[in-house]
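First the structure, then my questions, so here it is.
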Amino acid sequence: MTDTSHNHRLYIETVGCQMNMLDSELVVAALRQEGYELTDSPKKADTILFNTCSVREHAEHKIYSALGRLKYVRRRRPQTVIGVIGCMAQKDQDLIFRRAPHVDLVVGTGQLAEIPRLIREVRARPQRQPQKAVSLDRTSGSVTRIADSFRSYDPLRDPDMRPTPFQAFVRIMIGCDKFCTYCVVPTTRGPEQSRPPSQIAQEVRLLAEQGVREITLLGQTVNSYRHTENGRLYRLSDLLAMIHDTDGIDRIRFVTSYPRDMSDDLLQAVRDLPKVMRYLHVPLQHGCNDVLKRMKRGYTVEQYRDMMHRIRDLIPHCSVSSDFIVGFCGETEQAHEKSMDAVREFRFKNSFIFKYSARSGTRADELFEDDVDDRTKRRRNVEMLELQNQISEEDNAEFIGRRVQVLVEGPSKSAEKAARRQPPPTGRPLSVQLMGRSECDRIVVFDGNPRLVGSTAEIEVSDCTGTTLIGSIVTREVRHGSSELLPILS
Ligand code: SF4
């Protein structure tokens with residue numbers, strides 16, 4: 001007999017990148033159609049989903065620990081459905097059922113559309129039958145068959161799951177064909193596939209109608225975007241031009257770029273299209289050619305330098321951020337010093353620095369020994385972080401006395417913390433510390449009325465830290481659900 005005793009409360013925990021945040025938004029939207037409501041506690045939920053990441057070992061450990069704790073929840077509330085979805089589901093598949101036999105669902109990145117049906121299936125059977133939906137392995141047949149098994153999932157949207165009600169992610173491609181030796185993404189997200197530009201433009205229009213003002217186009221290598229529609233080839237530069245004039249959209253960003261595909265037409269589009277923000281995230285990963293070769297990144301430091309020169313020449317004031325891996329297999333002290341030199345030379349706005357962790361199923365794991373001990377990895381990580389922070393602070397100091405435009409996103413982290421410690425008295429406070437991002441992606445904090453959230457403001461910068469510009473409002477534009485523009489001097 002069908003178990004109808006459940007309460008339609010969904011708890012979803014998301015780890016990893018923006019792609020995962022978007023996937024969670026879409027899964028939640030689909031489950032809302034089935035009558036589910038979100039809850040912030042697994043204790044109140046009858047359906048618990050983990051949207052997972054496989055890029056770092058640490059993220060996987062955390063999920064397995066969380067699953068271990070849920071064994072007891074399942075004993076107390078047998079109607080609870082527990083699912084693991086996303087990258088780890090695609091990578092580990094049956095291993096998840098072996099390590100956590102109380103899991104009901106394992107659904108890979110290419111099968112997310114199946115989730116509502118699979119949850120129904122689990123509930124429909126008195127004797128629980130684990131359900132698995134994953135895509136084909138990348139070595140299991142023709143590229144077309146494998147690509148078909150990874151379906152891009154971009155149906156309904158859920159405003160409650162967005163970073164803010166006026167910011168949204170839009171996926172323009174899935175998968176990756178670069179096969180860097182340390183990376184699991186080509187396995188967990190499948191072959192590179194770009195979505196049709198007309199579909200993307202329609203989604204952007206829909207989001208604008210829902211009040212979204214800033215969109216971030218997502219792709220693992222977003223600037224590798226290529227799609228032929230009605231006989232015309234669209235690259236990322238063409239797509240940016242196509243969506244640029246969408247009414248209601250004021251800001252467009254895109255992440256993450258791949259150095260070798262940073263073409264001049266794209267840089268010119270960033271320069272010439274005023275709504276496209278002057279910010280590029282282009283991971284270098286390492287500053288030593290031998291290591292880049294072992295990583296199979298497909299470029300040398302010299303080629304990356306050439307790209308940086310083209311960026312600086314073509315787009316004045318464009319900020320660039322990077323990712324780095326420290327402690328990759330065979331990384332000597334000299335190689336690490338070359339990475340440090342690269343941080344000094346390229347002066348990134350910020351860098352995401354990771355200690356290398358071997359991932360099963362990658363070429364690096366098969367070919368090379370993970371021979372840099374953890375202490376050394378930690379030390380190199382700290383050294384690079386300190387250097388990057390010093391550079392970020394020096395470059396942020398250049399902004400003191402200048403004005404930047406921000407989209408006001410909400411209270412700053414410290415304002416949120418303070419409100420949690422001591423909730424404000426009844427009524428809305430007249431002024432709190434707010435935060436927004438500049439056009440070059442710097443975090444800016446300033447005092448202002450909370451009703452400014454969702455509007456743009458001009459901020460004069462008076463101070464800074466390595467991560468934040470601090471300033472005060474010069475002018476603001478308020479747009480609360482109407483197209484009325486009210487410039488107010490403060
Ligand atoms: S470009 Fe390399 S690091 Fe980036 S997703 Fe593809 S394989 Fe992974």
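Readers should treat all values here as calculations from the given coordinates under stated rules, not as data from a laboratory. Not measured: the values here are computed from a predicted model. As a convention, Cβ positions derive from the backbone with ideal geometry for all residues, glycine included, and neighbour counts pool all protein chains shown.
How large is the convex hull of the C-alpha atoms of region 256-355 per residue, in Å³?
88 Å³
Between E209 and E229, what is the FRET efficiency for a Förster distance of 25 Å, r being their Cβ-Cβ separation, to the nearest 0.05?
0.65
Would you mind computing the Rg to Rh ratio of region 1-106 from its alpha-carbon coordinates, Kirkwood style for Rh?
Expressed as Rg/Rh, it is 0.95.
Express in whole angstrom the spacing between the alpha-carbon centres of region 1-70 and region 253-310.
If we compute the Cα centre of each part, the gap is 34 Å.
Here's a follow-up. For all pairs of alpha-carbon atoms in region 202-319, what percent lies in each bin of width 5 Å, listed from the first bin to the last filled one?
The calculated distribution, bin by bin, is 2, 11, 20, 21, 19, 13, 8, 5, 2, 0.
Between Q199 and V382, what is the spin-label point distance in nm, taking each point 7 Å from the Cα along the Cα→C-beta axis?
Going by the 7 Å Cα→Cβ label model, 4.8 nm.
When the helices in the chain are scored as -39500 (n - 2.57) per DSSP H run of 4 or longer and the sum is shared across all residues, what 222 nm value do you end up with, to the nearest 500 deg cm²/dmol?
-10500 deg cm²/dmol
If you don't mind, there's one more thing I want to ask. Taking the alpha-carbon set of region 368-438, what are its Rg and Dmax in Å?
Cα only, region 368-438: 19.7, 61 Å (Rg, Dmax).
Let me ask something additional. Within region 43-78, what residues put their amide N at less than 14 Å from the label point 7 Å along the Cα-to-Cβ vector of D374?
Once the point is set 7 Å along Cα→Cβ of D374, 57-59, 61-62 turn out to lie under 14 Å by backbone N, inside region 43-78.
Something else about it: Hey, with R₀ at 60 Å, roughly what FRET efficiency would D245 and R77 work out to, going by the Cβ-Cβ distance, to 0.05?
Computed FRET efficiency for D245 and R77 comes out at 0.70.
If the only charges are +1 at each Lys and Arg Cβ and -1 at each Asp and Glu Cβ, what is the size of the charge dipole of the chain around the Cα centre, to the nearest 20 debye?
The calculation lands at about 1660 debye.
I need the peptides 202-211, 161-170, 216-225, 105-114 ranked by packing, meaning the mean over residues of other C-beta atoms within 10 angstrom, with the highest value on top.
Top of the packing list down: 105-114, 216-225, 161-170, 202-211.
First obtain the Kirkwood hydrodynamic radius of region 150-221 from its Cα pairs, then insert it into the Stokes-Einstein equation at 10 °C and 1.306 mPa s, and state the resulting D in µm² per second as a whole number.
119 µm²/s
In addition: Taking the Cα centre of each part, how many Å lie between region 454-475 and region 136-161?
When both Cα centres are located, 41 Å separates them.
Can you tell me the equivalent ellipsoid semi-axes for the chain? Use √(5λ) from the Cα gyration tensor, largest first, whole Å.
35, 31, 24
Would you pull out the residues with amide H under 5 Å of V107's amide H, same chain only if 5 or more places away, H placed 1.01 Å from N?
Under 5 Å from the amide H of V107: V84, I85, G86, A133.
Quick one: pull the percentage of alpha-carbon pairs in region 9-65 with a separation above 19 Å.
32 percent
Let me ask something else. Pick out, from A66, L284, I249, the residue whose Cα sits farthest towards the positive end of the charge dipole of the chain, with +1 on the Cβ of Lys and Arg and -1 on the Cβ of Asp and Glu.
Checked the options; the winner is A66.
Cα to Cα, under 18 Å, and not fewer than 8 places away if on the same chain: which lysines meet these conditions relative to K178?
Counting by Cα, and skipping residues close in sequence, K178 has these lysines nearby: K91, K293, K296.
Residue by residue, what Karplus-based ³J(HN,Hα) values in Hz, rounded to whole numbers, does region 83-97 have, using 6.51, -1.76 and 1.60 with θ = phi - 60° and x for Gly and Pro?
Along region 83-97, the couplings run x, 10, 10, x, 4, 5, 5, 5, 7, 8, 6, 5, 4, 5, 5 Hz.
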